[in-house]
Amino acid sequence: MSINWKVRFNRKNILFLSQVLLSVLVPILTYFGMQLSDFTSWQIVRDTLLQAVSNPYVIIMSLVSLFNAITDPTTQGISDSRQAQSYRSPKES
């Protein structure tokens, strides 16, 4: 798997960072029937994360979602294209 991680996890690449965060967070929230507004203390955040990592179903759903956020559907396989691997920063559209 050859992915240009430096470009993906770049401060300028807010879209990718948001996709990664949401790909892990949404399956957890959905499984436990929660909303972001339910996290009113760090104790609730901690308890929810501990419940999530102890539940194989939630882990698998989060990993599948994360995989979908990371892979580039415009290339064959799970690697970045040669062009994308040569980028030093996210490509301007």
Review point. Which residues, taken from the range 7-19, are without any contact (Cβ under 8 Å) to a residue 60 or more places away in the chain and either under 21 Å from residue 50 (Cβ atoms) or among the basic types (Lys, Arg) (or both)?
Key: 11
Practice item. Looking only at the range 5-35, count how many residues are closer than 17 Å to residue 63 by Cα and in a loop (DSSP other than H, G, I, E, B). Key: 0
Practice item. For residue 29, state whether it is crowded, with 16+ Cβ neighbours inside 10 Å, more than 28 Å from residue 84 (Cα to Cα) and at pLDDT 95 or above. Key: yes
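Rundown of residues vs (1) out of contact with any Leu (no Cβ under 9 Å at 6 or more places or on another chain); (2) more than 19 Å from residue 5 (Cβ to Cβ), yes/no style:
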position	(1), (2)
28	no, yes
31	yes, yes
41	yes, yes
64	yes, yes
72	yes, no
76	yes, yes
Practice item. Kindly indicate whether any position in the range 40-59 is touching a residue at least 24 places away in the same chain (Cβ under 8 Å), not in a loop (DSSP other than H, G, I, E, B) and not hydrophobic (A, V, I, L, M, F, W, C). Key: yes
Exercise for review: Mind listing whichever residues of the range 65-84 are in contact with a helix residue (DSSP H, G or I) (Cβ under 8 Å, 6 or more places away or on another chain) and surrounded by fewer than 12 Cβ atoms within 10 Å (Cβ to Cβ)?
Suggested key: 68
Point to revise | Test for residue 5: is it at pLDDT 95 or above and exposed (fewer than 15 other Cβ atoms within 10 Å of the Cβ) | key: no
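The values are calculated or read from the model by the stated rules, or taken from the named source; none is laboratory data. The shown structure was predicted, so the numbers you read here are calculated from the model rather than taken from an experiment. Virtual Cβ from ideal backbone geometry, glycine too; neighbours counted across all protein chains shown.
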